[in-house]
Structures are given as structure tokens and as C-alpha cells.
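Participant: I am attaching a structure below and will ask some questions about it afterwards.
The values are calculated or read from the model by the stated rules, or taken from the named source; none is laboratory data. The structure presented is a predicted model; accordingly, all values stated were derived computationally and were not measured. All Cβ positions, glycine included, derive from the backbone under ideal geometry; neighbour counts span all protein chains shown. The protein model used for the area step is the full one, side chains on, heavy atoms only, and it has no ligands, DNA or RNA in it. Shrake-Rupley method; radii C 1.70, N 1.55, O 1.52, S 1.80 Å.
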Amino acid sequence: MTGPNPAARFPAGALFDLDGTLLDSAPDMLATVNRMRASRDRPPLALYEIRPVVSRGARAMAAVAFPECDAEGVTALVPEFLAVYAEELGRHSVLFDGVEAMLAALEAAGTPWGIVTNKPEYLAARILPQLGWQDRCAVLIGGDTLAERKPHPLPLLHAADAIGIAAADCVYVGDDARDIAAARAAGMGSVVALWGYRVDGDDPLTWQGDVMLDAVQALVEPAGWPQR
């Protein structure tokens, strides 16, 4: 039996996706689409119907809520979705088990951490004080902060530069194929968050992440992180 690796260490910098990685925000999203459906005299959806597509953004959730809409119709629903979601933001969501312990362990080790999400920056920024993270999160990059968004590497590279850590010395943790593609393109280590959101048919093995984990708790210890 192989014991713990005494040489294992936390990364110099840690970056995270938000929805489906740090925050179980699916209940907020469900409340949002069900308000939209109720305004059209439609019955509510169940959580299992919306949860798999949460990491794929407003358009994906609107498409599930209103499957009769074509692409143009779905796009037209996005402003309403974002307006309603802004009112539901943080009312129902919770951290995934182990997230707070993991962040505390990173901080104790002197590892700065930040968030790179495709959620609009103004919405992501509103979440930080709700969680008490406004003075702890070293950098926040939203989907509209820069000219590119994940899977493009620019947001991750920008975040690494903002915290003063070389991209090669950072690790990115995410629950979607776009997260891992962005990390690879940025030259960062990556962790596939299997506890997050995935649609049927997604095969995380094909994402080619450095580490695949079933639970956040594995990242409380240095050995859970990619060792580069």
C-alpha cells in the first residue's frame, strides 16, 4: 500500500470556476426558470431537469425551460433570465461540502485563490460578500470582464497575472469541459470537479484533466492537487 506523499504541496496559486465547482447554485437557477415559467402559466420544473446544464449558462437553462424556442427565441429570453436571477441570487444556493475547509487550507499555506467564471462579472461580484469572500478572493474574472471567455485561456492567464503567479504554477479547478480546455491552453494544471454539473453523455475522461476528483474534501490536503 502506498502512503501519503510527504513531498506533496499546494499549488502556488489556485483558481476556480464558480457554479458547480465552489457553489451549488442550481437551486437559484431553478427558482429563476420557475418564475419565468409561472409568469407564462406553466408548471414548475424539478431540480434534476435544470441541474445538468447550470454550468453552461443562461442560454442553456432557458432552452431547457422553454424547449419549444429556437436559438433566436432562447437568446431573447436571456435578459429576462438575468434580471430574475439577479433577484434570486444567493437565496437558495449553498457551498459544496468541503469548500470552506479547502479555502482555509489554501490560505493557511499562503496560496492565493481566485475565481474565473463565465457568469457576468456583476453577478459574480454580488456573490462574494454573501459568502464573506470579498476580502479573501484574490481575483475575480467574469465572462464579460475581458474580450474572451472560457474555453479561451485569456481569463485564466489574466487571473494568474493579477495574483502575481506564473500560469504554470497555478491550478484551475472546474466542472465543465470548457474549464479544462482553458486550463490546458493556459499551461495550468487542472482538476476535474466531478461533484459539479454535467449533462448525460459527457465523458470527463476525454477532457484530459490532470486530476479527477469526486469530492472537494480531497483538495483540503496537498496530495489532492496536481503535483507539477
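Participant: Looking only at segment 1-30, count every residue that is aliphatic (A, V, I, L, M), modelled with pLDDT of 95 or more and more than 11 Å from Gly90 (Cα to Cα) and tell me the total.
Facilitator: So the answer is 6.
Every residue, every condition in (1) polar (S, T, N, Q); (2) under 29 Å from Val191 (Cα atoms), yes or no:
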| site | (1), (2) |
| --- | --- |
| Cys69 | no, no |
| Thr75 | yes, no |
| Pro79 | no, no |
| Glu87 | no, no |
| Ile115 | no, yes |
| Lys119 | no, yes |
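Participant: Here is a further query. For Gly20, all conditions in the list (1) within 24 Å of Leu194 (Cβ to Cβ); (2) open to solvent by 60 Å² or more (accessible area, probe 1.4 Å) hold save one; what is the number of the exception?
Facilitator: (2)
Participant: I've got another one for you. With open to solvent by less than 10 Å² (accessible area, probe 1.4 Å) and either among the acidic types (Asp, Glu) or touching a residue at least 60 places away in the same chain (Cβ under 8 Å) (or both) as the only criterion, which of Leu15, Leu30 stands out?
Facilitator: Numbers: Leu30 fails: open to solvent by less than 10 Å² (accessible area, probe 1.4 Å).
It is Leu15.
Participant: From the list Arg149, Arg184, Arg228, Arg136, which one is open to solvent by 40 Å² or more (accessible area, probe 1.4 Å), in a loop (DSSP other than H, G, I, E, B), in contact with a Gly (Cβ under 9 Å, 6 or more places away or on another chain) and under 25 Å from Phe10 (Cβ atoms)?
Facilitator: Values: Arg149 fails: under 25 Å from Phe10 (Cβ atoms); Arg184 fails: in a loop (DSSP other than H, G, I, E, B); Arg136 fails: in contact with a Gly (Cβ under 9 Å, 6 or more places away or on another chain).
That would be Arg228, the only listed residue that is open to solvent by 40 Å² or more (accessible area, probe 1.4 Å), in a loop (DSSP other than H, G, I, E, B), in contact with a Gly (Cβ under 9 Å, 6 or more places away or on another chain) and under 25 Å from Phe10 (Cβ atoms).
Participant: Evaluate the following for Val53: is it at pLDDT below 95 and within 14 Å of Ser25 (Cα to Cα)? Walk me through how you get there before you give the answer.
Facilitator: Values: at pLDDT below 95: yes; within 14 Å of Ser25 (Cα to Cα): yes.
Answer is yes for this residue.
Participant: So, Ser39, is that one among the polar types (S, T, N, Q) and under 17 Å from the mean Cα position of the chain (by Cα) or not?
Facilitator: On the way: among the polar types (S, T, N, Q): yes; under 17 Å from the mean Cα position of the chain (by Cα): no.
No.
Participant: For Thr75, work out the one condition from (1) β-branched (Val, Ile, Thr); (2) modelled with pLDDT of 95 or more; (3) open to solvent by less than 30 Å² (accessible area, probe 1.4 Å) it doesn't fulfil.
Facilitator: Every condition holds for Thr75 apart from (3).
Participant: Oh, and also: So Pro129 clears everything in (1) farther than 26 Å from Pro151 by Cα; (2) in a loop (DSSP other than H, G, I, E, B) except one condition, right? Which one?
Facilitator: (2)
Participant: Taking Leu45 and the conditions (1) more than 29 Å from Val171 (Cβ to Cβ); (2) in contact (Cβ under 8 Å) with a residue 12 or more places away in the chain; (3) in a helix (DSSP H, G or I); (4) of a type in the set (A, V, I, L, M, F, W, C), which numbered condition does it fall short on, given that it satisfies the others?
Facilitator: (3)
Participant: Here's another thing I want to ask about it. Filter segment 48-73 for residues that are touching a residue at least 40 places away in the same chain (Cβ under 8 Å) and not aliphatic (A, V, I, L, M) and give the result.
Facilitator: The initial filter retains those residues of segment 48-73 that are touching a residue at least 40 places away in the same chain (Cβ under 8 Å), namely 51-57.
Selection gives Arg51, Pro52, Ser55, Arg56, Gly57.
Participant: Report, by residue number, each residue of segment 164-181 that is closer than 15 Å to Gly13 by Cα and buried (at least 19 other Cβ atoms within 10 Å of the Cβ). Write out each step before concluding.
Facilitator: Filtering segment 164-181 for residues closer than 15 Å to Gly13 by Cα gives 164-174.
Result: Ile165, Ala167, Cys170, Val171, Tyr172, Val173, Gly174.
Participant: Within the bounds of segment 92-112, is there any residue that is open to solvent by 10 Å² or more (accessible area, probe 1.4 Å), of a type in the set (Phe, Trp, Tyr) and over 24 Å from Asp202 (Cβ atoms)?
Facilitator: So far as segment 92-112 goes, no, none of its residues is open to solvent by 10 Å² or more (accessible area, probe 1.4 Å), of a type in the set (Phe, Trp, Tyr) and over 24 Å from Asp202 (Cβ atoms).
Participant: What are the residues in segment 52-72 that are open to solvent by 70 Å² or more (accessible area, probe 1.4 Å) and assigned to a helix (DSSP H, G or I), if any?
Facilitator: Quick first cut of segment 52-72, residues open to solvent by 70 Å² or more (accessible area, probe 1.4 Å) only: 56, 59, 67-68, 70-72.
Result: Arg56, Arg59, Ala71, Glu72.
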